[in-house]
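Below is one structure; the comments refer to it alone.
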Amino acid sequence: MSREDPDVCEALHSLLADEGIDILLNARIKQVSGQCGDSVSVVVEQNGIEKGLKGSHILVATDRNPNTEGLGLELAGVELTDRGIHQGQ
């Protein structure tokens, strides 16, 4: 959420925390095991310290990259940028 306003990030973080959802920033995944929806275990390294986490689901958010290559959008007159579909007027 690095492109969002700080107040939006803070509100989302607070909302997720109220739901019991932890957010780990700058963490490197070292091991994942289990079955999503059943029981999953993740070992992460954050600031040089390994942490073991257990839960029922995993959400990994990395970065946003457009997935438009090979769709032939240029044939339909859709203008593309390095961030995806041009949203201008």
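Approximating the spin labels as points 7 Å out from Cα along Cα→Cβ, the Val60-to-Glu74 distance works out to 3.2 nm. Karplus-derived 3J(HN,Hα) values for segment 14-26, using 6.51 cos²θ - 1.76 cosθ + 1.60 with θ = phi - 60°, are 5, 4, 5, 4, 4, 8, x, 9, 8, 10, 10, 9, 6 Hz; glycine and proline are entered as x. Measuring between their Cα centroids, segment 70-87 and segment 1-69 lie 30 Å from each other. Note on Glu45 and Leu25: the model spin-label points, each 7 Å out from Cα along the C-beta direction, lie 2.1 nm apart. Sparse packing (at most 16 other Cβ atoms within 10 Å of the Cβ) combined with a DSSP loop state is found for the following GluC sites (Glu not before Pro) in segment 4-44: Glu4, Glu19. Most tightly packed first, judged by the mean number of other beta-carbon atoms within 10 Å of their residues, the peptides 77-84, 36-43 read 36-43, 77-84. Of the options (i) 64; (ii) 68; (iii) 52, only one is percent of Cα pairs over 18 Å apart as computed from these coordinates, and that is (i). Of the residues Ala76, Ala11, Ala27, the one that moves most in a GNM of the chain with alpha-carbon contacts below 10 Å is Ala76.
Where a number appears in this text, it was derived from the coordinates with a stated rule and is not lab data. Bear in mind that the values here come from a model prediction, so they are computed numbers and not experimental data. Don't worry about glycine lacking a Cβ; one is built from the backbone with ideal geometry, like all the others, and counts go over all protein chains shown.
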